[in-house]
Amino acid sequence: MITPRFALFFLFLCAGLGLSGCATNMTSVATFGDATAAVAQQTTEVLPKMPQNCRELQTLFSEQRAIVSSALTQKDTKNQPVARKAALSAANDVNDERGQLDVYVESLASASGTVQGNCKLMDSYAPQLQALSSTLASYASAVKALAQDQYVTYRPEYGALSKSVGSIPVGGTKSLLDPKQVDAINGVEALIYKLATQSYRQSKLKEVLDNSKPVENVIQQLQIVAGLYLVEIQGLAVAQLNAAGAAKVLQQKQLLFEPIAVQEYVKGLQAQQSVTKSRASALQEYIQVLSKVGPTLTKARDSINRVPLQDTVREIEEFAHAAYSAQQSLRDAF
């Protein structure tokens, strides 16, 4: 409970620090920190679920290839009685149907290969996106702690993250994190380590916010890799749409002998496509929030020295709403 004596002491503290409108300022900064940390941390929690989406797709393609193999076996005229091959037109029809099925087999192989490529790239981007998002979350949590006049806690695994992930090769000599990403993460982690070990408190908040270059580097790298990840998710959705369309065409021509299985295949692809599209939309929302982190950080920093204007408070609140909305979208989509 905040007593009148404590409230008076808090006002004197703010005045002594030269922070007019201290309570309002700190609330705005804490809001920025909490919202940024929440959405960034949510990203690290949902990404591990993407591989399951990829495995389910490959299973669907495998099942569909089995159905087509069955249809091709029944269409094969090589071992049929001569009497059944007598009519030339009928033979041509059979050959034409077989040709369409052969083309479909090729389209399945192509779709499976495309999806495999999309998923492989997402696998390579995921550790980068997780490491950078985790770093942004730890920075934002530190800002929130300082705004609330609490000590910043430092988790040793943060400092080891960029080094451990950066040393794991993707293929050949390439590592999961490139040098720019490692440098960006290390810059923020060094700052957080300093805040924790030197017991920074609210009086040091402005100094921390003025030192914005490390977090700007992380945000820049995060926007790049999040954009690359988004492209692959969108590519996955296109591959799913094309595969479903190809199956529908053959189903309408009654060239596949297991219509129920084909219908289930199409429904499975459509369900996967819906999931993929919602995930792409959620990640796109996160990228939009990332574009607002820098400008909002500037407003929070500038508000420290003066009572923030109503517009500034509203803009920080709007950023927070957008961040929490993106957090919820990620949680729902994944």
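Of everything in region 261-276, what is within 18 Å of LEU101 (Cβ to Cβ) and open to solvent by 30 Å² or more (accessible area, probe 1.4 Å)? Give them in sequence order.
As a first pass, look at region 261-276 and keep what is within 18 Å of LEU101 (Cβ to Cβ): 261-263, 265-266.
Listed by number, the residues that qualify are ALA261, GLN263.
Which of the following residues is touching a Lys or Arg at 6+ places or on another chain (Cβ under 8 Å) and under 23 Å from LEU236 (Cα atoms): VAL262, VAL266, VAL275? First the steps, then the outcome.
On the way: VAL262 fails: touching a Lys or Arg at 6+ places or on another chain (Cβ under 8 Å); VAL275 fails: touching a Lys or Arg at 6+ places or on another chain (Cβ under 8 Å).
Step by step, each of VAL262, VAL266, VAL275 is checked, and only VAL266 is touching a Lys or Arg at 6+ places or on another chain (Cβ under 8 Å) and under 23 Å from LEU236 (Cα atoms).
Of all residues in region 179-193, which are surrounded by 15 or more Cβ atoms within 10 Å (Cβ to Cβ) and either modelled with pLDDT under 85 or not aliphatic (A, V, I, L, M) (or both)?
Narrowing region 179-193 to residues surrounded by 15 or more Cβ atoms within 10 Å (Cβ to Cβ): 181-189, 191-193.
Within region 179-193, GLN181, ASP183, ASN186, GLY187, GLU189, TYR193 meet the criteria.
I need a count of the residues in region 282-334 that are part of a loop (DSSP other than H, G, I, E, B) and open to solvent by 70 Å² or more (accessible area, probe 1.4 Å). Steps first, answer last, please.
Step one: filter region 282-334 for residues part of a loop (DSSP other than H, G, I, E, B), giving 306-309, 334.
After this cut, where a residue has to be open to solvent by 70 Å² or more (accessible area, probe 1.4 Å) as well, the list is 306-307, 309.
Going through region 282-334 one residue at a time, the tally reaches 3.
Condition check: of a type outside the set (Gly, Ala, Ser), open to solvent by 80 Å² or more (accessible area, probe 1.4 Å) and at pLDDT 80 or above. Does LYS49 satisfy that? Walk me through it before giving the result.
Numbers: of a type outside the set (Gly, Ala, Ser): yes; open to solvent by 80 Å² or more (accessible area, probe 1.4 Å): yes; at pLDDT 80 or above: yes.
Yes.
The values are calculated or read from the model by the stated rules, or taken from the named source; none is laboratory data. Predicted model, so just to flag it, every value in this text is computed and none were measured. We place every Cβ from the backbone using ideal geometry, glycine too, and count neighbours over all the protein chains shown. Side chains are part of the model used for accessible areas, which takes the heavy atoms of the whole protein and leaves out ligands, DNA and RNA. Shrake-Rupley method; radii C 1.70, N 1.55, O 1.52, S 1.80 Å.
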